[in-house]
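Everything on this sheet refers to the single structure shown next.
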Amino acid sequence: MSVFQKGSIALITGGSSGIGLAVAQLCLKHQMRVAIVDRNTETLKLASQTLDSKDVETFNLDVSKEQDWKGMKESVEKKFGEVDFLMLNAGVGGKGTWGDSDYFHKIMDTNLFGVVNGLNAFVPSFQKRAMSNTKPSAIVITGSKQGITNPPGNAAYNASKAAVKTLAEHLSFDLREVKTSVHLLVPGWTFTGLSGNYPGDSKPKPNGAWDPSQVADYMYQKMSDGKFYIICPDDDVSETTDKKRMLWGVGDIVDGRPPLTRWRPEFKEEAEKWMKECDV
């Protein structure tokens, strides 16, 4: 039985735009009640107007602030009841370099500790309910391909998403005996705020990118299939190419190469040849 059913309660962080908003729309389509959490008051207001439903409540929260989660959880439960579908989707981008502590804190505080705080706030109640509750529940954590293939140029972002992947894997193992399914959502190139699609902007979607609704639909399909890893393709990068890139990265470890060889000039020809010939 799917968590996407009438009467189920969803809580989505980073839910006022992009993929989070698209998943909120998916939940409403299935007659769920939805709590949208975001720190951006402007996009929260726009999301409330866009969704225009009595089954939606918005909450202004910075997910990096651990002390605020308890009060928000209590408010959601008072409004709707216990959460059945938890989506920890809030994330920020940014560029910086070594010695720039603000860069590392900004990204880690939201992308990593925003997830940690959400899990610490809600997972104990999921575990407790599992002893007597037969109602389906699910947790989705939004990762990134950069946390897997690790391209150079944004160490903090990549590290935050690599850590999120590890957290999701451990959570899936730890909840394997209960009725809560766990999923790692890894979008491809998606037209969200991180790629220039700001709410209220009329900028056209780039040809290669997916719309957030495509990611939401793909997530729904893979969750229905019972998949933990939800690695989304896009219109530029196929599922096969994603697999090859991931395998090459693991090969750096297995074959004793230096890290990030896919971007090192001395390995360029070898990597390109392998990508063409590898059969996955």
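Just so you know, all these numbers are worked out from the coordinates, no wet-lab data involved. The structure presented is a predicted model; accordingly, all values stated were derived computationally and were not measured. As a convention, Cβ positions derive from the backbone with ideal geometry for all residues, glycine included, and neighbour counts pool all protein chains shown.
Give me Met1, Met223, Met246 sorted ascending by neighbouring Cβ count inside 10 Å, so fewest comes first.
Met1, Met246, Met223
Determine the alpha carbon to alpha carbon distance for each of Lys79/Lys135; Lys45/Lys227; Lys45/Lys135; Lys161/Lys268 and list only those over 29 Å.
Violating the 29 Å Cα-Cα cut-off are Lys45/Lys227; Lys45/Lys135.
Among Gly249, Gly114, Gly99, which one moves the most in a GNM of the chain with springs linking Cα atoms closer than 10 Å?
It is Gly99.
Please order Val280, Val178 by the number of other Cβ within 10 Å, starting at the fewest. Numbers along the way, then the final one.
Working: Val280 10, Val178 16.
Going from sparsest to densest Cβ surroundings: Val280, Val178.
Out of residues 5 or more away from Ser137 or on other chains, whose amide H comes under 5 Å of its own, with H placed 1.01 Å from N in the peptide plane?
Amide H neighbours of Ser137: Ser181.
Whole-Hz ³J(HN,Hα) for each residue in segment 162-174, computed from phi via Karplus 6.51 cos²θ - 1.76 cosθ + 1.60 with θ = phi - 60°, x for glycine and proline: what do you get?
5, 5, 4, 4, 5, 4, 5, 5, 5, 4, 4, 5, 5
What is the chain's relative contact order, in percent, from Cα pairs under 8 angstrom and six or more apart in sequence?
16 percent
What nm distance separates the two modelled labels at Met131 and Trp263, each placed 7 Å from Cα along Cα→Cβ?
4.8 nm
Who wins for biggest fluctuation among Ser224, Ser172, Ser16 in a Gaussian network model of the chain, springs between alpha carbons below 10 Å?
Checking each option, the largest mean-square fluctuation is seen for Ser224.
Taking the alpha-carbon distance from Lys203 and a cut-off under 18 Å, which lysines remain once sequence neighbours fewer than 8 residues away in the same chain are dropped?
The reachable lysines, counting only those whose Cα sits under 18 Å from Lys203, number zero.
At a 10 Å Cβ-Cβ cut-off, how would you order Thr13, Thr192, fewest neighbours first?
Values: Thr13 27, Thr192 24.
Fewest to most other Cβ atoms nearby, the residues stand as Thr192, Thr13.
Taking all pairs of distinct Cα atoms, average 1/r, flip it, and tell me the Kirkwood hydrodynamic radius of segment 145-280 in Å to one decimal place.
In segment 145-280 this quantity evaluates to 16.8 Å.
If one takes the longest principal axis of the Cα atoms in the chain, at what angle in degrees, from 0 to 90 and to the nearest 10, does the Cα axis of helix 18-29 lie?
Orientation of helix 18-29: about 40 degrees from the principal axis.
Over the chain, what portion of Cα pair distances is larger than 30 Å, expressed as a whole percent?
30 percent
Helix 268-277 versus the longest principal axis of the chain: what angle, 0 to 90°, nearest 10, using Cα atoms?
For helix 268-277, the angle is close to 70 degrees.
Amide H of Ala90 versus every other amide H placed in the peptide plane: which residues, excluding those fewer than 5 positions away on the same chain, fall under 5 Å?
Excluding prolines and chain starts, which carry no amide H, the hits are Thr13, Gly14.
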